[in-house]
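To start, the structure itself, in structure tokens.
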Amino acid sequence: MVFEGIPTGYEIRFLIDIGIVLVAGFAIGAERESRNKPAGISTHCLVIGGAMIFTFLSSLVDPNSTSRIAAQVVSGIGFLGAGIILKSEVDKKITNLTTAAAIWYAAAIGMAIGYEYYFLAAVATAFAVGVPRIPHISKLVKKGEET
């Protein structure tokens, strides 16, 4: 039996959730790839999907202990993000902070989907795609000084 361990009726919910994960991960990952960042579509789809699956399973197995699983997802993704951040010893520049934050944020979106908070996930996805497109004040100031 394919769905032997999953209670009947959750298969459709899971398929809907995984579809939403794909759309959200693609949107955020495409934005990051368009800016030549190291974590793109695949990474964001997998992070959102993994967080959704952990949350989905947690809500099925023991609905009373979902906060413990959520806490572990948050700290685990923080560890993944920490591995992405780079500090140059030459010029003391830190890079990939936004990419690490995007991965952490993507996990939160996955958890929202796993808990069936679809509106929250949609708004959060739009936020994640839009925020990196906001012009940086430091770049605007430098551009103003050049003219």
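A short reminder: the numbers here are calculations on the coordinates, not readings from a lab. Remember, predicted model here, so these are calculated numbers, not experimental data. Heads up, the Cβs are rebuilt from the backbone with ideal geometry, glycines too, and the neighbour counts pull from every protein chain shown.
Please report 32, 68, 13 as a ranked list, fewest other C-beta atoms within 10 angstrom at the top and most at the bottom.
Ordered by Cβ neighbours within 10 Å, fewest first: 68, 13, 32.
Using only Cα atoms and rounding to the nearest 10 degrees, what angle (0 to 90) does helix 97-114 make with the longest principal axis of the chain?
For 97-114 against the chain, the angle is about 20 degrees.
Quick one: angle between helix 41-61 and the longest Cα principal axis of the chain, in degrees between 0 and 90, rounded to 10, please.
That works out to roughly 30 degrees.
When the C-alpha atoms of the chain are aligned to their principal axes, what extent does each axis show, in angstrom, from largest down?
That gives 66, 29, 25 Å along the principal axes, largest extent first.
Take 91, 17, 62 and order them by how many other Cβ atoms sit within 10 Å, fewest up front.
So the ranking, lowest neighbour count to highest, is 91, 62, 17.
Taking the Cα atoms only, what angle lies between the long axis of helix 137-146 and the longest principal axis of the chain, rounded to 10 degrees?
20 degrees
For the chain, set up a Gaussian network in which alpha carbons nearer than 10 Å are linked by springs, and say which option among 31, 11, 116 fluctuates the most.
Looking only at 31, 11, 116, the biggest GNM fluctuation is shown by 11.
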